[in-house]
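Just so it is clear, none of the values below were taken in a lab; they were calculated from the coordinates. The structure displayed is predicted, hence computed values, not measured ones. All Cβ positions, even for glycine, are placed from backbone atoms using ideal geometry, and neighbour counts span all protein chains on display.
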């Protein structure tokens, strides 16, 4: 673990910058200034420079950044210079949507398997994946050397599934359930509540009232 | 618009605190300290006090906060003391999962309608909602006085759908498509990229390598 702490908001912006740079590459752009990145993604150019400064010197004064070089460096920082094997637990609507979400694979996340406990769902085809039984969790994690587990089960099963994932060797958990999960400090945990995004809108709408 | 700017990370934490307070109310708790809130949601107690201080004085020294009062105050700050009418455009897997996501209604967001352009999907039932034609957008927004539009369409349709929503009178957009949307400054816009959550995991996993 590096000694300095990068704010999560910075990591999220690096992710956004990298997408924008990819778009510029598609458009055949060779170089880009911090001002152009700022403009393209809707932050200040000072913010762009500050975010990039966490990771050393990029770009040349007066010339800007080489698009493809900066893109590759950001992908490396984000840990996206190699692929991460991922398992989804829960094949309801949300789990199914996640399994079919093309964006994950585009960014280096292989969805290796999706599991459920409901016999009526097990065997269903979701794109290239077949929903498998939760009983297979441990063997699938070992077989595919899965590092990331995605929790898309009801709240009352979330802690139990998490413990099964960690016992099987998963190192990071993305939790879509509303349950606050307990994990040991060596595990990377992130909670996603889809409502939070709407609440940031309502907060801002309420300010404008 | 208030003169001071609240960091988005603070708004997200207020949302998390309010959920935790709701859980405490369910458990019959009467008062809570900042340390207990901090412990319950996994941040420092200094962070809890700093976040709440943006909005004036809460609680009593040595006694802590009245759970129900703090909950109601947070809900008001978050704009969740009344309900927001919401429309989802795009009834693919993601749009369908969002339409069925119970968490939205629990937090005050009424999903009034879900629309698609695909005749094979229009008419499908999603919980209490029937997928309607995109042609109905303008009349539905007017009829239900919809303030929030959720974009769950492919990238190449996202800007067009956004413009239709704004023309119909929607004031806030939650964008699940990967397209960077252009809106006027009076519109509240938030982009959600589900991959970003996985990338924050991969960033942290890469730090640990």
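Quick notes on this structure:
- For chain A, a Gaussian network of Cα nodes joined below 10 Å ranks A:29, A:199, A:163 by mean-square fluctuation, and the top entry is A:199.
- Inter-copy label distances at residue B:205 (7 Å, Cα→Cβ; nm, one decimal): 3.6
- In this assembly of identical copies, the label point of residue A:76 (Cα plus 7 Å along Cα-to-Cβ) is separated from its counterparts by 5.3 nm, sorted shortest first.
- The DSSP beta bridges internal to the protein assembly as shown are antiparallel in roughly 20% of cases.
- Shape category assigned to region B:1-73 from the gyration tensor of Cα positions, a/c cut at 1.5: prolate
- Given R0 = 30 Å, the distance between the Cβ atoms of residue B:205 and residue B:81 translates into a calculated FRET efficiency of 0.15.
- Helix B:67-77 vs. chain B, principal-axis angle (Cα, 0 to 90°, nearest 10): 40
- Beta bridges assigned by DSSP with both partners in region B:84-196 are antiparallel in approximately 10 percent of cases.
- Values of log10 I(q)/I(0) for chain B across q = 0.08, 0.09, 0.16, 0.17 Å⁻¹ run -0.36, -0.45, -1.12, -1.18, by the Debye formula with one identical scatterer at each alpha carbon and no solvent.
- Annotation for residue B:133 and residue B:110: the two label points, set 7 Å from Cα along the Cα-Cβ direction, are 2.5 nm apart.
- On Cα atoms only, tilt of A:8-26 relative to the major axis of chain A in degrees: 70
- Other protein chain Cβ atoms within 10 Å, averaged over every residue that makes up B:173-180: 3
- Among chain B residues, the beta-carbon with the smallest distance to the axis carrying B onto A is reported, with distance in whole Å, as B:97, 2.
- For the protein assembly as shown: rounded, prolate or oblate by the Cα gyration tensor [a/c cutoff 1.5]: rounded
- Global form of region A:37-114, assessed from the alpha-carbon gyration tensor, a/c cut-off 1.5: prolate
- Placing dummy labels 7 Å off each Cα toward the beta-carbon, the span from residue A:49 to residue B:30 is 5.7 nm.
- For residue B:155, the label point sits 7 Å beyond Cα toward Cβ; its separations from the matching points on the remaining copies run 3.6 nm, from shortest to longest.
- Inter-chain Cβ neighbour count for A:23-33, averaged per residue, equals 0 (cutoff 10 Å, partner chain atoms only).
- Extending 7 Å from Cα along the Cβ direction at residue B:163 and again at residue A:157 yields two label points whose distance is 4.5 nm.
- Degrees separating the helix B:194-208 axis from the principal Cα axis of chain B, which is the longest one: 50
- Other protein chain C-beta atoms within 10 Å of residue C-beta, averaged over B:77-86: 4.
- Per residue, chain B reaches -14000 deg cm²/dmol at 222 nm when only DSSP H runs of four or more residues are counted, each adding -39500 (n - 2.57).
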